[in-house]
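Chemist: Please see the structure below; I have some questions.
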Amino acid sequence: MNTFKLQIVAPDRVLYDGEATFLLVRAQSGDIGIQANHQKLVTPLTIGKMKVEFADAQPRFAAITGGFMKVGDNVVTVLTTACEWQDEIDVARAERAAERARKDKQAARSKKEMDRAEIKLKRALNRISVAKK
Ligand code: ATP
């Protein structure tokens, strides 16, 4: 199967820099699957799961909280605001974050506070869902 170069970057580290055969990310317009020689594009990413497939290894899953993906000439760059591989996710921490977010939602006194709590809850639930996949 044809490969493309994939780089996944978080603010504090590079999660992956190598070849891949397939990438699934959640864009604001819906899930996007990338294979070798995909047309060029730049798209914002939203909270969701990411799946990476390789020629010679098992697929890997990650939780992503947002960012951008750039598809160039068989080179794909995923720039994330935060991203963890499945086996790096601390489920207890995400459960605590979800609990805090639920409390924040109940205590919210403006739409802005409610939106912020909703996003925090989504981030935590996404991490839990990816970890338990
Ligand atoms: P928390 O309140 O637990 O910090 P958060 O949603 O506010 O959660 P983020 O701001 O999205 O956290 O991420 C801050 C940093 O912590 C990032 O580097 C992210 O990868 C990491 N991180 C956040 N939650 C987890 C988790 N449950 N397991 C592993 N790493 C996490």
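The values are calculated or read from the model by the stated rules, or taken from the named source; none is laboratory data. Predicted, not measured: the structure shown is a model, and the values here were computed from it. Using ideal geometry, Cβ is built from the backbone for each residue, glycine included, and neighbour counts are taken over all protein chains shown. Surface areas here come from the heavy atoms of the whole protein model, side chains and all, with no ligands, DNA or RNA. Shrake-Rupley method; radii C 1.70, N 1.55, O 1.52, S 1.80 Å.
Chemist: Considering only the range 100-107, I want to know if a residue exists there that is modelled with pLDDT of 95 or more, of a type in the set (A, V, I, L, M) and touching a Leu at 6+ places or on another chain (Cβ under 9 Å). Outline the logic, then answer.
Modeler: Start the filter on the range 100-107 by keeping residues that are modelled with pLDDT of 95 or more, which leaves 100-107.
From what is left, the residues that are of a type in the set (A, V, I, L, M) are 101, 107.
Imposing the further condition that a residue be touching a Leu at 6+ places or on another chain (Cβ under 9 Å) reduces the set to 101.
Yes; the residues of the range 100-107 include at least one that is modelled with pLDDT of 95 or more, of a type in the set (A, V, I, L, M) and touching a Leu at 6+ places or on another chain (Cβ under 9 Å).
Chemist: Which condition breaks for S129 when tested against (1) farther than 23 Å from L45 by Cα; (2) assigned to a helix (DSSP H, G or I)?
Modeler: The one condition S129 does not meet is (1).
Chemist: Somewhere in the range 86-94, is a residue more than 9 Å from the ligand (Cβ to nearest atom) and open to solvent by 50 Å² or more (accessible area, probe 1.4 Å)? Walk me through how you get there before you give the answer.
Modeler: To start, the set of residues in the range 86-94 that are more than 9 Å from the ligand (Cβ to nearest atom) comprises 86-87.
Checking which are open to solvent by 50 Å² or more (accessible area, probe 1.4 Å) leaves us with 86-87.
Checking the range 86-94: at least one residue is more than 9 Å from the ligand (Cβ to nearest atom) and open to solvent by 50 Å² or more (accessible area, probe 1.4 Å).
Chemist: All but one of (1) open to solvent by 30 Å² or more (accessible area, probe 1.4 Å); (2) at pLDDT 95 or above hold for K132, so report the exception by its number.
Modeler: Of the numbered conditions (1) open to solvent by 30 Å² or more (accessible area, probe 1.4 Å); (2) at pLDDT 95 or above, the odd one out for K132 is (2).
Chemist: While we're looking at this one, here's another question. From the residues in the range 64-84 that are in contact (Cβ under 8 Å) with a residue 24 or more places away in the chain and either outside any strand (DSSP E or B) or touching a helix residue (DSSP H, G or I) at 6+ places or on another chain (Cβ under 9 Å) (or both), which one is surrounded by the fewest Cβ atoms within 10 Å (Cβ to Cβ)? Break it down stepwise before answering.
Modeler: To start, the set of residues in the range 64-84 that are in contact (Cβ under 8 Å) with a residue 24 or more places away in the chain comprises 64-65, 68-84.
Next cut, either outside any strand (DSSP E or B) or touching a helix residue (DSSP H, G or I) at 6+ places or on another chain (Cβ under 9 Å) (or both) only: 64-65, 72-74, 81-82, 84.
Working: I64: 27, T65: 19, G72: 13, D73: 8, N74: 13, T81: 14, A82: 15, E84: 20.
Applying the filter and picking the extreme gives D73.
Chemist: Right, next: Which one of these does T3 not meet: (1) loosely packed, with under 14 Cβ neighbours inside 10 Å; (2) in contact (Cβ under 8 Å) with a residue 40 or more places away in the chain?
Modeler: T3 satisfies all of (1) loosely packed, with under 14 Cβ neighbours inside 10 Å; (2) in contact (Cβ under 8 Å) with a residue 40 or more places away in the chain except (1).
Chemist: Tell me which residues, restricted to the range 24-38, are open to solvent by less than 60 Å² (accessible area, probe 1.4 Å) and either free of Cβ contacts under 8 Å to residues at least 24 places away in the same chain or part of a loop (DSSP other than H, G, I, E, B) (or both).
Modeler: Step one: filter the range 24-38 for residues open to solvent by less than 60 Å² (accessible area, probe 1.4 Å), giving 24-25, 27, 30, 32-34, 36, 38.
Answer for the range 24-38, where residues must be open to solvent by less than 60 Å² (accessible area, probe 1.4 Å) and either free of Cβ contacts under 8 Å to residues at least 24 places away in the same chain or part of a loop (DSSP other than H, G, I, E, B) (or both): G30, G33, A36, H38.
Chemist: Of all residues in the range 1-23 being in a strand (DSSP E or B) and in contact with an Asp or Glu (Cβ under 6 Å, 6 or more places away or on another chain), which is nearest to the ligand (Cβ to nearest atom)? Write out each step before concluding.
Modeler: Our first condition is that a residue be in a strand (DSSP E or B); within the range 1-23, this holds for 4-10, 13-20, 22-23.
If we keep only those that are in contact with an Asp or Glu (Cβ under 6 Å, 6 or more places away or on another chain) too, we end up with 7, 22.
Details: Q7: 17, F22: 23 Å.
Here the answer is Q7.
Chemist: On to the next question. Going by the conditions given, is R109 more than 18 Å from R13 (Cα to Cα) and either among the β-branched types (V, I, T) or away from the ligand (no atom under 14 Å from the Cβ) (or both)?
Modeler: yes
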